[in-house]
1. If I ask for residues that are open to solvent by 10 Å² or more (accessible area, probe 1.4 Å) and either closer than 25 Å to LEU145 by Cα or out of contact with any strand residue (DSSP E or B) (no Cβ under 6 Å at 6 or more places or on another chain) (or both), which ones from region 206-225 would you list?
2. Tell me, please, whether a residue that is without any contact (Cβ under 8 Å) to a residue 24 or more places away in the chain and either out of contact with any Asp or Glu (no Cβ under 8 Å at 6 or more places or on another chain) or acidic (Asp, Glu) (or both) can be found in region 469-477.
3. Output the number of residues of region 762-798 satisfying the condition of being part of a loop (DSSP other than H, G, I, E, B) and more than 31 Å from the chain's Cα centre (by Cα).
4. ARG489 versus (1) of a type in the set (D, E, K, R); (2) closer than 18 Å to MET69 by Cβ; (3) touching a Gly at 6+ places or on another chain (Cβ under 8 Å): which is the lone unmet condition?
5. Only one of ALA691, ALA674, ALA695 is in contact with an Asp or Glu (Cβ under 9 Å, 6 or more places away or on another chain), more than 20 Å from GLN626 (Cβ to Cβ) and modelled with pLDDT of 85 or more. Can you tell me which?
6. Hey, could you check region 468-492 for residues that are buried (at least 18 other Cβ atoms within 10 Å of the Cβ) and of a type in the set (Ser, Thr, Tyr) and say which is modelled with the highest pLDDT?
7. Got a number for residues in region 500-527 being open to solvent by 40 Å² or more (accessible area, probe 1.4 Å) and of a type in the set (Ser, Thr, Tyr)?
8. Pick from HIS495, HIS530: which is under 24 Å from the mean Cα position of the chain (by Cα), open to solvent by 10 Å² or more (accessible area, probe 1.4 Å) and touching a residue at least 12 places away in the same chain (Cβ under 8 Å)?
Amino acid sequence: MYRHVLSFYVLWLCCVLVCLQNLHAQGRVVVSGYVSDTTTGERLIGASVYAASLKIGTVSNRYGFFSLMVPKDSLVLAVSFVGYKSRFWALRPEKNLMIEAGLTPETATGNVEITAHHRRSGVETAETSTIEIPIHQIKALPALLGEADVIKALQLMPGVQSGSEGSSGLYVRGGGPDQNLILVDDTPVYNVSHLFGFFSVFNADAIQSVSLSKGGFPARYGGRLSSVVEISLKEGNLRDWKTEGSIGLVASKIAVQGPIIRDKMSVFVSARRTYIDVLARPVLRRFSDEDPDRDVESGYYFYDLNAKWNWIPSQKDRFFLSWYSGKDAFYLDQKQLFNQKKNENLLQVGMDWGNIASAFRWNHLFNNRLFANTVLSLSNYALTADYAESEYAFLTPQNKDEYAAQYTSGIRDWRLKTDWDWSAHARHIIRFGAWAIRHRFVPAVAQVSIQDGSSAPIETEFKPQSDKIFSTESALYIEDDWQASGRLRLNGGIHLSGYWVRGRSFFSAQPRISARFKAGRYALKASFAHVQQPLHLLTTSSIGLPTDLWLPATEKVPPSYATQTALGLVREWDGWEATVEAYYKPMKGIIEYKPGANFVNQPALDWQEKVVIGKGLSRGLEFFVQKITGKTTGWMGYTLAQSTRIFKDLNEGKSFPYRYDRLHDVVLMIQYKANERVAFSGTWVYGTGNALTLAVSKVAGASRPWESGTTYWYYGSRNSYRMSPYHRMDLGVNFNKLLKIKPLGEFSRVISLSVYNAYNRKNAFFIYEGEDPITLNKSFRQASLFPIIPAISYAFRF
């Protein structure tokens, strides 16, 4: 089937390219340029450029560039961007023309930095399943412990789940967290969680824009099955120096940006750190003081750092150097005396994990119609866990019993990518490009050292085949965004991928197409996308623990595949937009641990022997209504969905619900701006409880004489039990004030008050077997983690 589809696409694209050359008549010229913010000099992504008399238009790309072919005649070019004043250029171009389209924020006064948002019309674009959330809206949402979080904002979208309460996981349309391609300035990031999954690694103060694609992927994307999250960091103010920051209950952050050479070179730097370790220190010291024979020092902290350098040497060139680094660290040092202070026990436990993501980008304008973006990037994720324990008697310290273990894993990528935008014709934008990645995996290495008394130490190292596995991933793509008529718009293309590991190669041709038919304020949309993923993630938890393992596809465990078809209807009216969309997504090559297997047990066993390979199916219907303008804004989303898995060696080969299968999911978000100084926000979420497997009975005793005392557990069908429904309300209010302070100029501050889980709903975090203290009857009980949690934070900008 796919061979015939591939042949059709290749023939179609060749015909398009040949026809476009004939369509480029002498009576046409190209108007191109960049759309930017006049107050900061930063490029604006997704701005609308429209020639009403010709009924043609385009949008600025991810680097602010646009190109439009028009006839040699009088026309008015309108450039608009939500939150900015529209501008109009009266043109009569006789030759190719390049303009700098600077837009002024609607409420810009003095030196106040504007965080106005942009939103591409869902009726105009051919894309399906794509959502953009303005950063100012993310910051205004009530948040856990007052920490604004990009990932948690995305979880409020239809078709997206968090996994477990409070976590920063993304489960999109029945997929797992490994099936999301998360790009920070064109660089993949593999672990997006701080604090064992309760916060994401993204500092909202460092982000310029966020978009989520849940399906209908254009040909330029590849390597993941479920979603693409694109995060662009701020470029740095080219006109003035600005500082902003905030102080919260668990973390503080600061960001500084400004010009090194005005209008030519700028820099942006932001940093964030938690002080949980500092706050917990007095509590731990009190416990140590109560037991003079025990001395404990323990703590946990995380930090992240973002930096970006931006240089514009000419109108045709622009260079960027961006950097992200973040780390989580947990440590425990304990010294304890026992046996009437004759013996001493020393215990040291440590775990640290983190990401590095760096990219060097070059934007080059070859001519008015051809734009290129080239990126060289490095992404590195690493985990190290240490455990050391020793015990000795003061009288014979040389006879020391010691046990030490270290566990390491990680993944590192070098990536070279080039993307080209060619305005081939007034109604055609051709995009093509290529990329290659060199992966280095450290699946898991466990090292153990044991010394018993005065004997020589015993050292053991467990490696699943090798401590390092190298693989290469590459892709070529071409796509055409074609405005066929005023009603019909198409985006079609082909993504060709190759993957090489240990002498084995995997190739895939992935056709992509999406279409939009417009009728007034309505638009009917449809899309089809076939995708391949050559990476796997082995996980045993729902909160994104750092022990989750990134692994390569191999001959025994081949790549996974998915095909997604979507059909939707969009309508816009008077500041409102409504969308209804249905999707169908079969998957194959999905992996899970075998029963009883995890990353710790049987360390000498190859990870490929611990997994089973199966199939998945996800389907659903999503409703989304949002109010875009006015004092009161927000959205309501509802998802009706089903996600199942089937493995030959699990559940007797029968289909069973995915752990995060959620039949009903409801989200309501409202933001109300009472005046320039006070703004309120609130969210309410409801969802069907997570699926899990519980024992239905147990028998104490034995069927054979030598098994006396053995307990046998009997389980029902896999994931046949449901936790109670999940629901929660969060509330928040922001108090804004603009001050004039002579040394700083205009100084704005925001005091944010928020309440997480406002009505103190006891949602199930996990299920355990408990005992009634009166009747002593055994039963399953739920453990709740997050009660009502108030928070306060103070943000400033000058």
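1. GLN208, SER209, SER211
2. no
3. Residues in region 762-798 being part of a loop (DSSP other than H, G, I, E, B) and more than 31 Å from the chain's Cα centre (by Cα): 6 in total.
4. Just one mismatch for ARG489, condition (3).
5. Answer to the selection: ALA691.
6. This residue is TYR477.
7. 2
8. HIS530
The values are calculated or read from the model by the stated rules, or taken from the named source; none is laboratory data. These figures come from a predicted structure and were not determined experimentally. Every residue, glycine as well, gets a Cβ built from its backbone with ideal geometry; the counts of neighbours run over all protein chains shown. Surface areas here come from the heavy atoms of the whole protein model, side chains and all, with no ligands, DNA or RNA. Shrake-Rupley method; radii C 1.70, N 1.55, O 1.52, S 1.80 Å.
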